[in-house]
Ligand code: 3HC
Ligand code: NAI
């Protein structure tokens, strides 16, 4: 069979798409569908059509890999138009994930039936796009604007049950969904049910047409997360057209906006991140389907900021977890924070009381290390001090079952040195969560020199189960993310000494697209963390250390680079800190000057890129895309710029090399000299992306 097969079931034509893994609508599928529909239309004995998919899912969207290439007809729009024009009823049989162009094809069908576990959505916005085959026009006509707009602006799918309630699907069928759809089609034929084309429906838009202000209210309620992004603005315009224009004009407007976005820089960057995210968890030398041991029970050591959040990740994923603390008081404090976090979610309405109970019920506290005996994985999140970590790992090695994976949440420390105190270094690795651990999606998985591939595979699989984006990295001080952050911090401090103030530095990065700048972030994380790390390495940061020495650790003490009013988190410029900065400049004999935003951004981002190049050269990151994923999901690098390495390629590496050389000369800091790999690629006129292309060739 080809990618699209047609068979007859009495007087029903069953068209089946079979294009694993996700039945993406590539050119061959689109062509096959056009031909199959023509056949079903013209064959006299055929009274109705069922459109189904083989494998794990209905069509999960257009084939994203085709977006960078010249488009070849027929388009997905042509397929939807052909469906719309069918004179015989067409029923879509949905299972798995009906997403993007897949849902748009289903919307072109006259009826939709779904398996109970189906998820339906238009996730284009997450790729910097809008639906391009009628989604913005047909979905509101079918389910009303109040339901369609949030689906399109969030990109989040909905389940079969809410889809049935909204009118997006006409029936939910148990058992084989294709058989259910055939039975549904037979009933349509028997009852001579008229065709129901989404394009012709109007009733659910009447309220918005009568009162346009309601559309603006809806936009105000759902359109807030769009800082710097083009796609949400285009989506809102296209949705407004569904109210204001006849459908064919609305479709035309949608199409032109889709093409503009598809060819634009933002979507290219977001598509890069989509594929980089999937590549990042692939471990060199390990077969993709290697059997990973399942984690049925976990333990977390330390119920502080990170331990508590990590324990919540397990409970949220339905995995029982034991939390072990050094003292009863610390345990009670940690469990209390967790309980408060959950009850805040219940108060906000994002968690049901029953789910809170279930999650609390999956957690157990203990002050006895022996309670790790049942765990398949233990994650250590105690203080960041090598001697303490070694003591904890020696104890765990004695008390945990022989096959238990022992992981450390260390931010910087040497995983091999930690593993060396155990009898099982092959079962030791790093699981570096980001704060707040129950929210941030990134998980750096640190591979020690002895870590066994199946231990890595099990931890990557666990990361996915916890809803994280796992990236496998090598073992080197600070791994990938924090090491690059260190490179940025050097210049952030220098900018202060040369004339900028914290809010000016932060403002430049926020304008670049970060949710917050380095100083607001340092205040949030606690300045003492970096201070302790610098002290352990014999390093000094003029301003940050002076603040710490004065007892100003950031938000937790109400004062740091900024000041904070009691109970508030908004950073306010602080005249004491500013005087401290000016005094430090004077002490060092520096004449303060005004520094523009472009210089600030370059001096913060280029040293990070330089460090990223060294990280690649040392094979601490497997691919440039891994670094991009780490920065987008762990540190808020704007996704629409594609991460630091992708951004670097867009600027051109020779420009960055020249700026770094100048920076190194001016600051007399050899760390800013262009890294060998960066210089080599720049000289060859290539970018970091060429490394990925070579690796996959
Ligand atoms: N095009 C091309 N390849 C795709 C794809 C797509 N739309 N969706 C998934 N894939 C590939 C992945 O890259 C991956 O390849 P790999 O094995 O070589 O790494 C493979 O399919 C499996 O994907 P996942 O690892 O993500 O599998 P999961 O089971 O975890 O998730 C999924 C499945 C929910 C379908 C997820 O892949 C997904 O969200 N896909 C993207 C869906 C999407 O964004 N669709 C809209 C596309 S844009 C569009 O349709 C435009 C239209 O409006 C005209
Ligand atoms: P924290 O100080 O909030 O919590 C540490 C907890 O460990 C305390 O509750 C303490 O009582 C407990 N503890 C200490 N020794 C113990 C022992 N021997 N047995 C059992 N419990 C013990 O520290 P935080 O911030 O949670 O950091 C923990 C680890 O996570 C560190 O390695 C840190 O570098 C890392 N990390 C921290 C991040 C952050 O943003 N705070 C981000 C990512 C990693």
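Within the set 326, 311, the sole residue that is buried (at least 20 other Cβ atoms within 10 Å of the Cβ), in the same structural domain as residue 375 (by TED's automatic domain parsing) and away from ligand 1 (no atom under 16 Å from the Cβ) turns out to be 311. Scan region 143-159 for residues that are surrounded by fewer than 23 Cβ atoms within 10 Å (Cβ to Cβ) and either free of Cβ contacts under 8 Å to residues at least 40 places away in the same chain or within 16 Å of ligand 1 (Cβ to nearest atom) (or both) and the total you get is 7. Counting only helices (runs of 4 or more DSSP H) that sit completely within region 174-270, those holding 3 or more residues that are modelled with pLDDT under 95 and touching a helix residue (DSSP H, G or I) at 6+ places or on another chain (Cβ under 6 Å) correspond to 213-222.
Do we have residue 395 as within 15 Å of ligand 2 (Cβ to nearest atom) and surrounded by 15 or more Cβ atoms within 10 Å (Cβ to Cβ) here? So residue 395 passes the test.
Taking helices (runs of 4 or more DSSP H) that do not extend beyond region 404-519, which have at least 2 residues that are in contact (Cβ under 8 Å) with a residue 60 or more places away in the chain? Passing ranges, in order: 453-465, 481-498, 502-512.
Inside region 285-305, can you point out the residues that are surrounded by fewer than 22 Cβ atoms within 10 Å (Cβ to Cβ) and over 24 Å from residue 403 (Cβ atoms)?
First, the residues of region 285-305 that are surrounded by fewer than 22 Cβ atoms within 10 Å (Cβ to Cβ): 285-297, 304-305.
Correct list: 304, 305.
Could you tell me which of the residues 243, 283 is in the same structural domain as residue 147 (by TED's automatic domain parsing) and either touching a residue at least 60 places away in the same chain (Cβ under 8 Å) or more than 20 Å from residue 628 (Cα to Cα) (or both)? Even if it seems obvious, please write down each step before you answer.
Values: 283 fails: in the same structural domain as residue 147 (by TED's automatic domain parsing).
243 is the lone residue from the list that is in the same structural domain as residue 147 (by TED's automatic domain parsing) and either touching a residue at least 60 places away in the same chain (Cβ under 8 Å) or more than 20 Å from residue 628 (Cα to Cα) (or both).
Restricting to region 640-671, count the residues that are part of a helix (DSSP H, G or I) and at pLDDT below 95. The qualifying residues number 4. Pairing residues of region 294-312 that are within 20 Å of residue 525 (Cβ to Cβ) with residues that are within 16 Å of ligand 1 (Cβ to nearest atom), at Cβ distances under 9 Å and at least 6 apart in sequence or on separate chains, gives 310/466.
When region 23-38 is filtered for residues that are away from ligand 1 (no atom under 13 Å from the Cβ) and in contact (Cβ under 8 Å) with a residue 40 or more places away in the chain, the ones remaining, listed by number, are 31, 33, 34, 37, 38. Working only within region 352-396, note down all residues that are under 17 Å from residue 315 (Cβ atoms), touching a strand residue (DSSP E or B) at 6+ places or on another chain (Cβ under 9 Å) and outside any helix (DSSP H, G or I). Within region 352-396, 362, 363, 364, 365, 366, 374, 375, 376, 377, 378, 379, 381 meet the criteria.
For region 138-147, the condition of being part of a loop (DSSP other than H, G, I, E, B) and touching a helix residue (DSSP H, G or I) at 6+ places or on another chain (Cβ under 6 Å) holds for at least one residue.
With the condition kept exactly as written, say whether any residue in region 87-98 is away from ligand 2 (no atom under 16 Å from the Cβ), assigned to a helix (DSSP H, G or I) and closer than 28 Å to residue 267 by Cα. There is no residue in region 87-98 that is away from ligand 2 (no atom under 16 Å from the Cβ), assigned to a helix (DSSP H, G or I) and closer than 28 Å to residue 267 by Cα.
The values are calculated or read from the model by the stated rules, or taken from the named source; none is laboratory data. Nothing here was measured: the structure is a model prediction, and the numbers come from that model. We place every Cβ from the backbone using ideal geometry, glycine too, and count neighbours over all the protein chains shown.
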